[in-house]
1. Can you give the local net charge around A:GLN80? Use residues other than it whose beta-carbon is closer than 13 angstrom to its beta-carbon, Lys and Arg +1, Asp and Glu -1.
2. Given a Förster distance of 41 Å, report the FRET efficiency between A:GLU85 and B:ASP157 from their Cβ-Cβ distance, rounded to the nearest 0.05.
3. Going by the alpha-carbon gyration tensor, a ≥ b ≥ c the square roots of its eigenvalues, is the range B:10-57 rounded (a/c under 1.5) or, if a/c is not under 1.5, prolate (a/b greater than b/c) versus oblate?
4. Note the full-extension length gain between A:ASP128 and A:THR41 as 0.36 nm times their separation in residues minus their Cα-Cα distance, in nm to one decimal.
5. Using DSSP to call loops (not H, G, I, E or B), can you name the trypsin sites (Lys or Arg not before Pro) in the range B:138-217 whose Cβ has at most 16 other Cβ atoms within 10 angstrom?
6. Carbon and sulfur atoms: what percent of the 1.4 Å accessible area of the range B:69-220 do they account for?
7. Would you mind checking which residues have amide H under 5 Å from A:LEU154's amide H? H placed 1.01 Å from N; only 5 or more apart, or other chain.
8. Every other copy gets compared here: list the nm distances from the B:GLY152 label point (7 Å along Cα to Cβ) to its counterparts, shortest first, one decimal.
Protein chains: 2
Amino acid sequence: MVSGMTESTPTRPAGDATARILTAAEALFAKHGFDAVSMNTIAERASVSKANIFHHFSSKKALYLAVLRVACRDSTQYLQELFVETGTLPERLANFARKQIASMFEHGEVTRLILRELLKDGERQGRDLAEKVFGDNFAQLVEILRTGQARGELRADMDPAMIATLLIGAMVFFFESQEVLRHFPDVKFAHDPKRYSGLVVDILLRGILSDSAVKNLRRAGKNGASSSAQHKE
Amino acid sequence: MVSGMTESTPTRPAGDATARILTAAEALFAKHGFDAVSMNTIAERASVSKANIFHHFSSKKALYLAVLRVACRDSTQYLQELFVETGTLPERLANFARKQIASMFEHGEVTRLILRELLKDGERQGRDLAEKVFGDNFAQLVEILRTGQARGELRADMDPAMIATLLIGAMVFFFESQEVLRHFPDVKFAHDPKRYSGLVVDILLRGILSDSAVKNLRRAGKNGASSSAQHKE
DNA sequence: GATACGACTGACCGACCGGTCAGTCAGTGA
DNA sequence: TCACTGACTGACCGGTCGGTCAGTCGTATC
């Protein structure tokens with residue numbers, strides 16, 4: 001069966017069975033997770049016999065790792081595409097956030113796959129791959145913030161890694177829980193990732209307090225460090 | 001099935017088999033997910049025959065739902081415990097964040113179980129339970145913010161739901177990715193949820209920009225609305 | 001003592017799991 | 001022409017899955 005025969009290659013289907021297997025497996029693993037997907041299901045979706053999968057991949061886990069490796073490679077590429085920016089810190093942050101969240105949604109399956117791997121315990125090999133991608137992303141954002149700090153745009157007492165965590169976390173959380181947020185009547189931005197990313201950056205930049213409240217806050221905590229959290233344990 | 005009778009039963013180990021099953025299942029489901037846990041494993045861990053589990057719960061899915069129901073009940077209770085607060089908006093936010101993240105780590109299994117259910121697609125019944133808990137939490141925080149806004153502490157143009165999403169997202173993300181963050185050399189707060197929550201609230205309140213950068217920002221975007229994201233697409 | 005009942009178990013079921021294997025078949029090079 | 005190769009398949013493997021069932025045991029009721 002198969003014999004897709006797209007073009008150019010004479011007799012061999014060229015529509016590489018391996019590629020079809022990887023595509024099918026990526027979609028299924030991303031949606032349901034490793035354990036909930038059977039080799040039979042993958043074979044069916046890829047229009048390939050189950051035995052053929054084992055001809056190309058030595059085991060189910062090996063297939064999963066291959067899928068993950070492709071996803072991480074793609075993801076790294078997307079990441080590189082969204083860099084090369086200049087401008088003020090606010091501009092760069094807004095750009096980063098907007099492009100980042102757009103990329104996450106655009107490549108939803110890849111994102112879900114990597115996040116799934118990142119946020120579970122155990123399994124050295126897979127975690128390391130996902131961690132690499134995530135780490136690159138994180139480092140890029142930290143670099144933007146460090147530059148802004150050197151230029152005096154970012155408050156000197158701010159930890160760039162802290163802000164990066166907050167910003168990336170806000171976007172990852174939005175991606176993960178968009179469906180849930182949609183059900184909350186108070187939430188009006190659930191359908192619009194771009195608007196969400198803009199609002200997040202806006203809050204980060206300006207803070208949420210009114211001018212008068214800021215004055216009170218400064219009067220209360222004269223020491224320049226953290227102003228919150230001075231409560232008895 | 002399931003006789004209530006938690007105590008006073010004389011000879012029967014009182015250590016209710018049902019309770020043991022639920023405890024074992026909760027731990028396993030939280031750690032590995034529904035599909036990766038077999039009834040045999042649960043039975044072994046609970047020191048009970050597999051058939052006995054089916055005597056108390058009609059199916060694996062029913063057991064899972066029961067576990068989830070208990071987790072949600074507990075979680076709602078924890079939530080109630082951490083309310084009853086007065087004070088300024090900064091104080092209330094810092095308190096909420098600190099207690100919330102502490103509660104998440106303290107009841108890690110329950111948290112993981114609910115998040116796992118919340119962030120996956122499909123499965124009406126389970127999602128609804130988790131969504132209820134999450135929604136209550138969300139609503140509580142929105143209420144705090146609304147009160148602050150009415151008092152003039154919170155900037156008038158800020159959307160409380162937006163801030164609530166950002167704050168809860170920051171905490172959920174930290175909980176989920178603590179292990180990963182620990183591996184990043186730039187991150188110094190990964191081991192200290194309390195400090196992290198304090199820093200997050202601090203950023204929310206004050207913003208991240210230096211005073212001079214704030215002035216530039218205000219000059220650039222005279223309209224009171226969002227100051228970021230005015231770039232060509 | 002007879003009876004009834006709920007908690008509990010070991011043996012068992014069909015279905016399906018990941019994985020193997022012998023063999024088919026088209027293309028290739030000598 | 002023919003040996004060889006690699007992609008590919010259907011049939012099959014042992015094992016585990018969720019789930020069932022006949023039956024044992026301890027206790028409560030009459």
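1. Counting the neighbours of A:GLN80, the net charge comes to -2.
2. Values: r = 27 Å, r/R0 = 0.67.
Computed FRET efficiency for A:GLU85 and B:ASP157 comes out at 0.90.
3. prolate
4. Residue separation times 0.36 nm, minus the Cα-Cα distance, leaves 28.6 nm.
5. Qualifying residues, ordered by number: B:ARG151, B:ARG182, B:LYS188.
6. Solvent-exposed carbon and sulfur of the range B:69-220 make up 51 percent of the total.
7. A:GLN149, B:SER210
8. 3.4
The values are calculated or read from the model by the stated rules, or taken from the named source; none is laboratory data. In this text the structure is predicted, and so the values were computed from the model without any measurement. Cβ atoms come from the backbone with ideal geometry, glycine included; neighbour counts cover every protein chain shown. Each accessible area value is taken on the protein alone, full model and side chains, heavy atoms only, with ligands, DNA and RNA left out. Shrake-Rupley method; radii C 1.70, N 1.55, O 1.52, S 1.80 Å.
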